[in-house]
Amino acid sequence: TAMIATCLRKHGTTWKTRNNNNATPQVTTNVISVPEDNNYAVMEIALTGDDRVSDAASIARPHVAVITSISKAHIESFAEEDDPAQAVVNEKLSIMDHVVPSGAVVLPSASEHFGQMLAYAEESKHIKKIITCGRRKEDDVRLLTSESFDTGERVTLATDDETVTVDIPFVGAHMHGNTLLVAGVMRALGLPASSASAISDTAQTMSSLIIYDADFAGKKVRIFNDCYNSKDQNLRAHCVLASSKPGRKFIIVSDVPKLAQIAEEIHAELLTHIDAVGFEHVITVGPHFLKAATRLKTPFSSYDDRFQALVRVQELIKDGDTIFIKGAPESGFKDIMKNISGVAKLKRVTR
């Protein structure tokens, strides 16, 4: 949302969803809050509890609909369905039912649900443009190259008539996909793909992932803190980021919430991604990981309390190590840096 809005501001007045006001009642307020003389409005629509994407989308009536991702998060909302996972997919796809006539949809081809997304869009009677974004030769917006640095990514993307290099002030390969989607929105609106280069101006404070240098009584470590949410695919993306960093590394990770009856299955699956990183030690917090962690091949410690986890990581770290923190607000992880600041000197890392 922040990235799209930053780019659109180069072309006109732009309003965007504030904070996480993305449930149906908030979307209603958002729609009536957009100034009449505004050029663009970027609205986040979420599946949250009893609030459905279809309800919010019917109020927002987007000219361009963007599906960023589909995961098993919020599956508890469909616990009574025969196939809760597919029900989540169907609900996310329903945003396309409410695109204005001759509108557009922007889709990530890397998604495991891309086939369903594309078929749904093609069957629509009113969607005029389908913009696909990814690594495929046939994608409308294609990723050519990517390069990581400490506080961000450099991405080169291409459309039919443009090649654009974008410096993203966010860490993590998962941001490549978001960058392509932003360029896809520009294309859907008839704006040049080069508009996506404005992403470079997006403040890092808009990112959920914040990097710190920390000094624990002489032990200087780098911390990658991402506690905005803990969906299953967010945790997998965090593991991809961790895999790219050299040296000894540790992770403190909380349970992934809102998975209803498939929680045990998903947590067991996530362990394979955590094992693949090569962590020195894994520290889990929450009852689901506490039950599943015995399957880890990596050395681990499991707790019900995040404060015990902090004590444990302090015992294990050495000078030059890296700590990855991936948690959910429901687990109290959103404010975990406040606790760390009580025992370490912190300096935020920016470009």
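The values are calculated or read from the model by the stated rules, or taken from the named source; none is laboratory data. Values in this document were obtained by computation on a predicted structure and should not be read as measured data. Cβ placement follows ideal geometry from the backbone for every residue including glycine, while neighbour counts extend to all protein chains displayed. Note: areas computed on protein heavy atoms with side chains; ligands, DNA, RNA excluded. Shrake-Rupley method; radii C 1.70, N 1.55, O 1.52, S 1.80 Å.
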List 288, 113, 63, ordered by accessible area with a 1.4 Å probe, largest first: 63, 288, 113
Say each of residue 116 and residue 137 gets a label point 7 Å from the Cα, pointing the same way as Cα to Cβ; how far apart are those two points in nm? 3.0
Ignoring ligands and nucleic acids, what accessible area does residue 219 show with a 1.4 Å probe (Å², nearest 10)? 60
Mind grabbing the accessible area of residue 303 for me, 1.4 Å probe, Å², rounded to tens? 50
Calculate how steeply helix 174-188 sits against the longest principal axis of the alpha-carbon atoms of the chain, using the helix alpha-carbon long axis, and give the answer as 0 to 90 degrees to the nearest 10. 10
List the lysines whose Cα sits under 16 Å from the Cα of residue 297, skipping any in the same chain fewer than 8 residues away. 249
What FRET efficiency, computed as 1/(1 + (r/R0)^6) with R0 = 25 Å and r the Cβ-Cβ distance, is obtained for residue 345 and residue 18, rounded to the nearest 0.05? 0.15
Helix-only mean residue ellipticity at 222 nm for the chain, each DSSP H run of n ≥ 4 adding -39500 (n - 2.57), per residue, nearest 500: -9000 deg cm²/dmol
To test your reading of the geometry: what angle, between 0 and 90 degrees and rounded to tens, separates the Cα axis of helix 84-93 from the longest principal axis of the chain? 40
For the range 113-192, I need the span (max minus min coordinate) of the C-alpha atoms along each principal axis, in Å, sorted largest to smallest. 45, 27, 20
Quick one: order 345, 92 from most to least accessible surface, probe 1.4 Å. 345, 92
Mean Cβ neighbour count within 10 Å, used as a protection proxy, ranking 193-202, 237-246, 76-85 highest first: 193-202, 237-246, 76-85
Bridge orientation stat for the chain from DSSP, antiparallel percent rounded to 5, came to 45
Accessible solvent surface per residue of the range 206-351, calculated while the other protein chains remain in place, 1.4 angstrom probe, Å²: 45
Using the 2.2 N^0.38 Å rule of thumb for compact globular proteins, work out how the chain stacks up: its C-alpha Rg over that value, please. 1.01
At a threshold of 8 angstrom on Cα-Cα distance, excluding pairs fewer than six apart, so keeping six or more, what relative contact order does the chain reach in percent? 14
Expressed in µm² per second, the diffusion coefficient of the range 59-196 from the Stokes-Einstein equation, with Rh the Kirkwood radius over alpha carbon pairs, at 20 °C and 1.002 mPa s, is 136
Round to the nearest 10 and give me the degree value, 0 to 90, for the angle of helix 306-316's Cα axis relative to the longest principal axis of the chain. 60
For the chain, which whole-number percentage of the solvent-accessible area (1.4 Å probe, protein heavy atoms only) is attributable to carbon and sulfur atoms? 48
Taking alpha-carbon centroids only, the range 114-146 lies from the range 243-280 a number of Å equal to 30
